[in-house]
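The values are calculated or read from the model by the stated rules, or taken from the named source; none is laboratory data. Everything quoted here is computed from the prediction, not taken from an experiment. Positions of Cβ are backbone-derived with ideal geometry, glycine not excepted, and every protein chain shown enters the neighbour counts.
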Amino acid sequence: MKLKIYEYAKCGTCRSAVKSLKAKGHELESVPLFEQPPSKDELKKLVKQSGLDLRKWFNTSGEVYKEMQLKDKLPGMSEDEQLELLAANGRLIKRPVVTDGSRVTVGYKEEQYEEVWGRR
């Protein structure tokens with residue numbers, strides 16, 4: 001089964017993640033995160049499957065996050081508003097996002113990839 005990876009091709013972290021997943025024998029379906037961010041409904045499902053707090057999905061080191069001053073605004077926003085923000089702008093999403101339809105990882109840490117995506 002293919003893994004779906006939401007990524008930005010010019011991102012070094014994403015390239016490392018792709019290399020790691022391919023080395024583990026996974027086939028990948030690459031989705032350009034900035035051009036095709038997940039829909040609000042898809043994000044809601046992915047966030048739930050990841051088990052992570054919604055705030056962990058934000059690319060807090062990104063320019064857009066800083067320009068929008070989200071550090072101060074997010075605490076006062078509803079989950080729906082946060083999901084709409086993420087769905088509207090893929091640059092706000094921490095990358096890469098990898099899913100097999102039931103498991104989800106956000107960001108790239110080799111130890112986590114080994115644990116979740118292991119060897120096929």
Whether any residue in the range 28-35 is surrounded by 11 or more Cβ atoms within 10 Å (Cβ to Cβ), small (Gly, Ala, Ser) and closer than 13 Å to Arg95 by Cα is what I want to check. yes
Under 6 Å between Cβ atoms, at least 6 apart or on separate chains: pull out the pairs that start in the range 91-107 with a residue that is of a type in the set (S, T, N, Q) and end on any residue that is surrounded by 20 or more Cβ atoms within 10 Å (Cβ to Cβ). Thr105/Val98
Hits in the range 71-95 - residues which are farther than 17 Å from Leu33 by Cβ and touching a Ser or Thr at 6+ places or on another chain (Cβ under 8 Å): Lys71
Which pairs turn up if I take residues in the range 46-65 that are touching a residue at least 40 places away in the same chain (Cβ under 8 Å) and look for partners that are loosely packed, with under 15 Cβ neighbours inside 10 Å and not in a helix (DSSP H, G or I) with beta carbon separation below 8 Å, at least 6 apart in sequence or on another chain? Gln49/Ser102; Gln49/Arg103
Considering only residues that are surrounded by 13 or more Cβ atoms within 10 Å (Cβ to Cβ) and among the small types (Gly, Ala, Ser), look in the range 61-120 and name the one that is nearest to Lys44 (Cα to Cα). Ala87
Number of the condition not met by Gly51 [criteria: (1) surrounded by 12 or more Cβ atoms within 10 Å (Cβ to Cβ); (2) touching a strand residue (DSSP E or B) at 6+ places or on another chain (Cβ under 9 Å); (3) closer than 14 Å to Val106 by Cα]: (1)
Do any helices (runs of 4 or more DSSP H) entirely within the range 10-72 hold 2 or more residues that are more than 12 Å from the chain's Cα centre (by Cα) and hydroxyl-bearing (Ser, Thr, Tyr), and if so, which? 12-23
List, please: which pairs have Cβ atoms under 8 Å, are six or more places apart or on different chains, and start with a residue in the range 4-33 that is acidic (Asp, Glu) and end with one that is at pLDDT 95 or above and in a helix (DSSP H, G or I)? Glu7/Cys14; Glu7/Ala17; Glu7/Val18
Taking the range 74-117 only, how many residues are under 10 Å from the mean Cα position of the chain (by Cα) and small (Gly, Ala, Ser)? 2
